[in-house]
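For reference, the structure discussed in these notes is given below.
The values are calculated or read from the model by the stated rules, or taken from the named source; none is laboratory data. None of these values were measured; they are calculated from a predicted model. Reconstructed Cβ throughout: ideal geometry from the backbone, glycine too, with neighbour counts over all protein chains shown.
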């Protein structure tokens, strides 16, 4: 649990990570897939798949069968709403003040009219918002994405996004102001949303993890392609060609 006063040691750790990352990164947009620790990453991927097979997949499938889609969507909305303050902080750090105002308004509408974020009236009112994180902030500041990695339980990431996740966890204002007994609400909501999504999009998850000739390579490909697209990075499409795709398939 995070201390509301954010200990100096934690700030120092975060700054140290950023300093190391910044010193090692030229800040250019990569077009390749840098994965020097592939052997270890594959081991972690196998572990994650085993956890999915034993826990997440059956839980998600079971929840999807007994819980209605509107309720699952409500849980997902609630978890997303709890992340909006983090987005606002990053909007400010990126000097995207218009987005910061828009996301603040979205949070206010959904938290009040949307009953804590279970519903999403802000989108219906044209306040769609724009999700962001400290990984994107680092990208805007010129920090290179570094190497690809897959972490136990946390899944695919990069050096930059790993550091960004640590900062987001430490600086999310909602986590810092919640009373002690509610400090785990954002984490619990995120886990519930993950389980619900695992059931709702079971076919997509299964096709990546179990139906691909190489689930690890497919996960890496899709993560990097999607993440770079989110950040507005333009790269050579050839960098994303799946080496396991049948070139003669229609």
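Couple of notes before you dig in:
- Wholly enclosed helices (runs of 4 or more DSSP H) of the stretch 41-106 bearing at least 3 residues out of contact with any helix residue (DSSP H, G or I) (no Cβ under 7 Å at 6 or more places or on another chain) and surrounded by fewer than 21 Cβ atoms within 10 Å (Cβ to Cβ): 57-66, 69-82
- Number of the exception - residue 127 against (1) over 18 Å from the mean Cα position of the chain (by Cα); (2) closer than 17 Å to residue 190 by Cα; (3) not in a helix (DSSP H, G or I): (2)
- Members of the stretch 121-135 found to be farther than 19 Å from residue 231 by Cβ and buried (at least 23 other Cβ atoms within 10 Å of the Cβ), listed by number: 122
- Test: residue 187 is in contact (Cβ under 8 Å) with a residue 24 or more places away in the chain, assigned to a helix (DSSP H, G or I) and within 19 Å of the chain's Cα centre (by Cα): no
- Residue in the stretch 138-153 that is under 30 Å from residue 64 (Cβ atoms), modelled with pLDDT under 95 and out of contact with any strand residue (DSSP E or B) (no Cβ under 9 Å at 6 or more places or on another chain) present: yes
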